[in-house]
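Undergrad: Just passing along the structure, written as structure tokens.
Coordinate-derived values only; no laboratory data. Computed from a predicted structure; not experimentally measured. Glycine gets a Cβ as well: all are built from the backbone with ideal geometry, and neighbour counts include every protein chain shown.
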């Protein structure tokens with residue numbers, strides 16, 4: 001595992017974090033200093049532990065090396081475009097799919113997962129006090145961010161976070177908002193060298209193989225990550241028989257929702273204030289995550305991808321999922337159909353509690369319509385708020 005770790009970037013970011021540029025979002029404060037000290041002490045120790053566990057895997061479970069990942073499914077699209085919702089709908093189909101939960105991303109080695117699973121079973125036999133304690137803690141510490149993007153140790157989560165273990169994740173851009181750092185991950189396919197892409201993608205494949213071995217699953221690996229929108233060509237290269245599900249949602253809904261999420265993340269997690277330059281960067285990233293993956297999908301066989309309109313999915317999950325399964329060649333079995341029927345009932349009762357103002361972020365309705373006119377035309381999104 002250490003052979004995949006980006007030591008050069010790690011030490012550079014450590015140095016720059018304690019002496020930030022005047023234009024950086026991440027200016028030093030007492031709370032920020034505590035976060036940095038804790039991160040740069042705990043993180044490398046934890047990754048050394050993970051590396052040791054990977055070595056133990058190679059000794060105890062060598063069979064993971066021969067695992068074949070057959071026709072994996074990758075859900076991509078902009079953040080706040082419904083990727084999480086689609087992921088969790090598909091995750092209900094345990095006959096077809098296996099996936100990562102948050103705790104399985106934090107502990108990527110087979111031996112770690114086997115030990116923690118054994119602990120979980122023991123806890124369940126003793127009444128489940130440990131599980132209830134964790135869930136209670138998660139609920140009590142839930143910030144406004146958690147309400148926007150529900151998360152938890154036992155929920156499906158985006159596996160791009162695995163790349164944090166080798167300090168090569170798109171998400172580092174938000175943990176360390178330093179000028180001219182990590183932005184190349186927004187253009188993964190086009191800006192990273194072949195050597196760098198191979199390092200990151202090979203580690204990712206390694207993690208999936210170990211997880212498939214642990215799960216003893218012969219079905220399809222299910223992944224979700226908005227950040228994968230920038231590495232769609234790499235996904236096709238490393239998983240030639242993979243399937244892509246692209247989530248499409250109106251920019252008028254996506255952009256203010258993302259801005260709000262970024263603002264809340266900085267406020268509640270990093271104790272920082274996002275500035276206009278950061279919002280401008282996010283705006284350009286949204287544009288890239290619309291334009292680039294769609295341009296690549298237009299060159300691929302229609303059978304290798306499926307585009308989902310988020311609004312239609314919310315209104316009629318059973319209908320959209322039926323079309324998705326038909327297109328990708330999967331059987332919509334009775335048990336899963338029943339689960340989707342329940343989702344259909346919930347969809348009828350659903351009322352969104354999230355309302356975001358464009359003016360709050362110095363955006364205008366006309367500007368978005370102009371900058372994303374191709375997207376509005378392609379998907380016939382409503383041009384009214």
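Undergrad: Need one number: nm distance between label points at residue 33 and residue 70, each 7 Å from Cα along Cα→Cβ, rounded to one decimal.
TA: 5.7
Undergrad: Shape verdict for the chain, please, from the Cα gyration tensor: rounded (a/c under 1.5), prolate (a/b greater than b/c) or oblate.
TA: Because its axes are fairly even, with a/c under 1.5, the chain counts as rounded.
Undergrad: Taking 7 Å along the Cα-to-C-beta vector as the label spot, tell me the residue 275-residue 122 distance in nanometres, rounded to one decimal.
TA: It is 5.1 nm.
Undergrad: Continuing with this model, one more query. What is the antiparallel percent of DSSP beta bridges lying wholly in segment 2-379, to the nearest 5?
TA: Bridges in segment 2-379 are about 5 percent antiparallel.
Undergrad: Sort segment 2-53 into rounded, prolate or oblate with this rule: let a ≥ b ≥ c be the square roots of the eigenvalues of the Cα gyration tensor; rounded if a/c is under 1.5, and if a/c is not under 1.5, prolate when a/b is larger than b/c, oblate otherwise.
TA: It is oblate, given that a/c is not under 1.5 and a/b is not larger than b/c.
Undergrad: Then there's this: Could you work out the Rg to Rh ratio of segment 153-250, with Rh taken as the Kirkwood radius (inverse of the mean 1/r over all Cα pairs)?
TA: Rg divided by Rh gives 0.96.
Undergrad: Run the quick spin-label model on residue 95 and residue 312: label points 7 Å from Cα toward the beta carbon, then report their separation in nm to one decimal.
TA: The answer from the label model is 2.5 nm.
Undergrad: Taking 0.36 nm per residue of sequence separation and subtracting the Cα-Cα distance, how much length would be gained by fully extending the chain between residue 198 and residue 383, in nm to one decimal? Mind showing how you got there, number by number?
TA: Details: separation 185, 0.36 × 185 = 66.60 nm, distance 4.12 nm.
Stretched out fully, the residue 198 to residue 383 stretch lengthens by 62.5 nm.
Undergrad: Follow-up. Taking the Cβ-Cβ separation of residue 284 and residue 46 as r and a Förster radius of 30 Å, what is the calculated FRET efficiency to the nearest 0.05? All intermediate terms of the calculation are to be shown ahead of the outcome.
TA: Details: r = 33 Å, r/R0 = 1.10.
Efficiency computed from Cβ-Cβ geometry: 0.35.
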